[in-house]
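Following: one structure in structure tokens, then a few remarks.
The values are calculated or read from the model by the stated rules, or taken from the named source; none is laboratory data. All figures in this text were calculated on a predicted structure; none of them were measured in a lab. All Cβ positions, glycine included, derive from the backbone under ideal geometry; neighbour counts span all protein chains shown.
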Amino acid sequence: MGKQYQTESLQSSHHYDQEQTARSAPLLEGSSKADKIGIGLALLALYLIWGSTYLVMRVALQSFPPYIMGGLRFLCAGVILYVILRLRGSPAPTRKEWLGSALIGILMLVGSNGSVSIAEQWVSSGISAVALAAVPLWTAFFVGLFGRWPSRQEWVGLVLGFAGVILLNLEHGMWTNPFGAALLILAPVSWSLGSALSPRFSLPAGLMSSAAQMLAGGAAMLLLGLLMGQRMHSFPTVQALGAMAYLVLFGSLLAYSAYTYLLKRVRTSLATSYAYVNPVVAVALGVGMAGEHITLIGILAMLVILTGVGLVSLRRKS
């Protein structure tokens with residue numbers, strides 16, 4: 001029994017190292033022109049789509065309660081993706097893969113996206129996106145707990161990032177509601193923990209992993225919303241329905257597919273660069289289309305966080 005456990009542990013460790021190496025490998029110089037175009041389009045999709053979802057979520061929240069909105073969004077996207085993959089011959093997840101997907105889905109979707117959904121009842125979409133820019137910083141920390149501690153440059157980035165998050169709490173939009181501020185601190189922590197743990201769990205291959213996580217996370221979020229007494233008291237507005245359709249088709253199906261595509265072809269720091277491009281897009285859309293305002297302290301906090309994230313993401317190879 002002990003020997004079998006050691007063998008499984010070694011295999012798990014080997015699988016983890018292989019996956020981390022594959023994710024951190026730079027794009028090969030010999031990549032075809034089609035690959036480079038595909039990578040560029042995938043990055044553009046993440047930057048624009050995930051940058052816009054913060055504002056779109058605020059529109060959906062006009063009719064949908066936070067957890068009901070998130071639960072329906074991810075359940076619908078998960079069902080669509082799951083059916084498509086099964087029709088194309090992808091195997092169904094095993095029981096062990098469902099359990100792993102449920103844990104990661106709850107951490108990343110309920111803990112992170114759900115927290116943002118609730119916080120956006122009081123906090124602007126731009127500030128929400130800035131808070132989520134701390135994802136790479138927290139990811140570096142959690143990955144370090146599993147044996148890959150940050151370099152000196154990354155530590156500087158982590159310190160700057162934490163300072164920026166603290167400064168962000170002084171921004172008027174967050175300070176007026178400490179509960180919303182706490183949720184925006186929890187959101188990137190939960191997402192990053194799920195990201196750091198995912199290579200250590202048995203998950204379905206390819207896009208089936210995203211489908212299983214969205215199904216499990218969406219179901220958990222919807223159930224939590226119902227248990228909390230969240231209900232829809234009237235039929236959603238046309239704007240809210242349009243926002244929900246956008247979140248399902250673009251924010252979940254298309255963006256998740258683009259992210260998975262990037263993870264297989266570029267280093268992780270480039271794939272996760274959406275975290276510090278999204279705030280710029282979100283703030284611009286919030287100010288330009290929704291009449292949102294951001295104070296000087298909020299702008300300064302954004303610059304500090306983005307500087308920290310940049311130091312972590314653009315680290316030199318050891």
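Here are the numbers for the structure shown:
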{"item": "Single residue of Leu223, Leu215, Leu253, Leu207 found to be within 24 Å of Trp98 (Cα to Cα), in contact (Cβ under 8 Å) with a residue 60 or more places away in the chain and surrounded by fewer than 14 Cβ atoms within 10 Å (Cβ to Cβ)", "result": "Leu223"}
{"item": "Out of Leu103, Leu61, Leu87, Leu81, sole residue that is out of contact with any strand residue (DSSP E or B) (no Cβ under 9 Å at 6 or more places or on another chain) and under 20 Å from Leu262 (Cα atoms)", "result": "Leu81"}
{"item": "Matching option when the condition is modelled with pLDDT under 80, at positive phi, surrounded by fewer than 21 Cβ atoms within 10 Å (Cβ to Cβ) and not in a helix (DSSP H, G or I), among Gly147, Gly89", "result": "Gly147"}
{"item": "Helices (runs of 4 or more DSSP H) within the range 231-318 that include 2 or more residues out of contact with any Leu (no Cβ under 9 Å at 6 or more places or on another chain), closer than 23 Å to Arg73 by Cα and modelled with pLDDT of 80 or more", "result": "238-246"}
{"item": "Where Ile185 falls short, out of the listed (1) over 13 Å from the mean Cα position of the chain (by Cα); (2) assigned to a helix (DSSP H, G or I); (3) under 24 Å from Leu253 (Cβ atoms)", "result": "(3)"}
{"item": "Matching residues in the range 25-62 - criterion: being surrounded by 15 or more Cβ atoms within 10 Å (Cβ to Cβ) and either among the small types (Gly, Ala, Ser) or at pLDDT below 75 (or both)", "result": "Gly38, Ala42, Ala45, Gly51, Ser52, Ala60"}
{"item": "Yes/no for Met228 being in contact (Cβ under 8 Å) with a residue 24 or more places away in the chain and either surrounded by fewer than 24 Cβ atoms within 10 Å (Cβ to Cβ) or of a type in the set (Phe, Trp, Tyr) (or both)", "result": "yes"}
{"item": "Total residues in the range 113-144, condition part of a loop (DSSP other than H, G, I, E, B) and not small (Gly, Ala, Ser)", "result": "4"}
{"item": "Within the range 162-177, tally of residues that are within 17 Å of Gly126 (Cα to Cα) and either outside any helix (DSSP H, G or I) or at pLDDT 65 or above (or both)", "result": "10"}
